[in-house]
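Structure first, commentary second.
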Amino acid sequence: MKKKNRKKYIFVVGGVMSGVGKGITTSSIAKIIQSRGFSVTALKVDPYINVDAGTMNPTEHGEVFVLADGDETDQDMGNYERFIGATLPRTNYMTTGRVYQSVIDRERRGDYHGKCVEVVPHIPLEIIDRIEKAAKKENAEVVITEIGGTIGEYQNILFLEAARMMKLKYPHDVLFVLVSYVPLPSKVGEMKTKPTQYAARTLNGAGIQPDIIVARSEVAIDDKRKEKIAMSCSVDKKSVISAPDVESIYHVPINFEKDNLSSIILKKLDLKPRKKDMKEWNAFAQKIENATKPVKIGIVGKYFETGDFVLSDAYISVIEAIKHASYHNDRKPELAWLDSTSFEKDPSKLNELKQYDGIVVPGGYGSRGIEGKISVAQYCRENKIPYFGLCYGMQIAVIEYARHILGLDDAHTSEIDPKSKHLVIDIMPEQKKKLLKKDFGGSNRLGAYPAILKNRSTIAYKAYKAKEISERHRHRYEVNPEYVSQLIDAGIVFSATSPDGLLMEIMELPQTMHPFFVATQFHPEFQSAPLTPHPLFMAFIKAIKDQK
């Protein structure tokens, strides 16, 4: 007798348009199923040929989220981690390029024993194998997989085929959720379900019938529209879930439960709920609603503009980390995107920084806008504006300090000006060989590394309340050890270093000099979550409160 498969699989796909909310839907489903007492994990499928997200332009693809094991992934992996409070491994992320690469490598090794290796079935079988391995590795009872792209695109058809084949393999253990957009044209005056009907039928064309349809819209859909979608798309009315725009993404799981989504999913998967506990999550959502006192934060970057629009997704983890800390400090964050190049074109714009309670300079690469960022760091230091630098933001702060306090006028980073006499930021030795070989993909210092905090009187130590920490990195350049002693003598405190003391992980200025001037070589935003805000972001917002 065949052993019953104990794991359940949910596939989330999107219809009508990109950016419809598949990632937040996937994260929210994972959260509400977790709240019913089941172990869950979440996977992201990206239809790109890229092997990972590391070489993609942030203005086109959004943020690159780095996992603890160093994998450079799609930003939705960050949402999954934040919602379910997990540290996900690289097995939970795949791209078309990664799948094809694996199949080709296996063919070269002779693993297919002389068979003709074909796109179908071998690519879908590789995808299925990866999903099952991820489920086993995470020991998850329910596995939620988001398939990137939009129904009807050529790129994701092989992933849909894999999902269809899994339904055949486990007929009672696979569920399909279609996230579709229901527009409300202002000139028409009523919601239109036809795009969703076409999306469902296109999905039918791939051999898949949706079990649940999540109807994204500006406002909650009414019963009439639910009935129409149910009838046209062959789902029962209760399985049409209203997903209107809400105050924050953290209200989405709560909103889903208003339509009893977790109960519907468990019933369809023949699972008996063990509990229902959203107490902590509801408490955080209440904090969001109760926060009324504003905290104005300026984020100085260069990956905002895409045509006539602003793409804040390039810094999504930074944005969410600020929100987490703000709400836990009973403050309502008001964020502004400040293009660093504007301060180069018009230095007088620096005076506008005084209107903000704090400034964040996040990570980045390349020369564009760097002088603007250096000017921002100087202005914040001299005018006692709370400054929080992340990765590149720390390198910027060190360059600024070396130029204007140490008097090294041409201090720079070898990334931008390798001929500078004072390379206070230099490339890591092992990285030089990689750049000579043009080895750019997945070759940064990536993933979680330990750091030691030595001085109990520092802002960092007071925030972490720990001697050793672990944080995620994504960079090639470091503070040049040749200048560390000079920088320390001039007033900089390196409050955290690598265990061997060679790499500077956190720099700060004493609070006798500045209320909050802190920067990290790592990316603390990657480890912030709504229920567990990051200590340094908490310290940043608290310093702003104290100053005000």
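The values are calculated or read from the model by the stated rules, or taken from the named source; none is laboratory data. Quick caveat, the model's predicted, so the values are computed rather than measured. For neighbour counting, all protein chains shown are included, and Cβ atoms are generated from backbone atoms with ideal geometry for every residue, glycine included.
Residue pairs whose Cβ atoms lie under 8 Å apart, sitting 6 or more positions apart in sequence or on different chains, and linking a residue in region 178-191 that is among the β-branched types (V, I, T) to a partner that is surrounded by fewer than 17 Cβ atoms within 10 Å (Cβ to Cβ), are V182/K192; V182/P195. Those helices (runs of 4 or more DSSP H) of region 364-472 in which 1 or more residues are at pLDDT 95 or above, in contact with a helix residue (DSSP H, G or I) (Cβ under 7 Å, 6 or more places away or on another chain) and of a type outside the set (F, W, Y) occupy 370-382, 392-404, 459-464. Just so you know, in region 482-501 the residues that are assigned to a helix (DSSP H, G or I) and farther than 12 Å from V398 by Cα include one that is farthest from the chain's Cα centre (by Cα), and it is D489. Report yes if S180 is assigned by TED's automatic domain parsing to the domain that holds L269 and either at pLDDT below 95 or surrounded by fewer than 22 Cβ atoms within 10 Å (Cβ to Cβ) (or both), otherwise no. Against the criterion (assigned by TED's automatic domain parsing to the domain that holds L269 and either at pLDDT below 95 or surrounded by fewer than 22 Cβ atoms within 10 Å (Cβ to Cβ) (or both)), S180 does not qualify. Filtering region 454-499 to residues that are touching a Leu at 6+ places or on another chain (Cβ under 6 Å), aliphatic (A, V, I, L, M) and buried (at least 20 other Cβ atoms within 10 Å of the Cβ) leaves A460, A463, A496. From the list K349, K323, K354, K384, the one residue that fits, being among the basic types (K, R) and closer than 26 Å to I24 by Cβ, is K323.
When each of G189, G207 is tested for being in contact with a helix residue (DSSP H, G or I) (Cβ under 8 Å, 6 or more places away or on another chain) and at positive phi, the lone residue that passes is G207. Listed here are the helices (runs of 4 or more DSSP H) enclosed by region 9-105 that have at least 2 residues being at pLDDT 95 or above: 22-35, 76-84.
Got a sec? Which of F159, F176 is part of a helix (DSSP H, G or I) and under 31 Å from the mean Cα position of the chain (by Cα)? Checking each option against the conditions leaves just F159.
If only residues of region 324-342 that are assigned to a helix (DSSP H, G or I) and modelled with pLDDT of 95 or more are counted, the one that is nearest to A314 (Cα to Cα) is H324.
Taking region 262-318 as the search range and keeping residues that are of a type in the set (V, I, T) and assigned to a helix (DSSP H, G or I), which one is modelled with the lowest pLDDT? Here the answer is I316.
Table: residues versus (1) surrounded by fewer than 18 Cβ atoms within 10 Å (Cβ to Cβ); (2) out of contact with any strand residue (DSSP E or B) (no Cβ under 7 Å at 6 or more places or on another chain); (3) among the aromatic types (F, W, Y).
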position: R201; (1), (2), (3): yes, yes, no
position: K237; (1), (2), (3): yes, yes, no
position: E247; (1), (2), (3): yes, yes, no
position: P253; (1), (2), (3): no, yes, no
position: K293; (1), (2), (3): yes, no, no
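Only one of the numbered conditions (1) touching a helix residue (DSSP H, G or I) at 6+ places or on another chain (Cβ under 9 Å); (2) surrounded by 18 or more Cβ atoms within 10 Å (Cβ to Cβ); (3) more than 30 Å from V177 (Cβ to Cβ) is not met by Y356, and that is (1).
Restricting attention to region 125-154, the residues that are closer than 16 Å to V174 by Cβ, in a helix (DSSP H, G or I) and of a type in the set (D, E, K, R) add up to 3. Residues that are in the same structural domain as R82 (by TED's automatic domain parsing) and within 17 Å of S18 (Cα to Cα) occur at least once in region 218-235.
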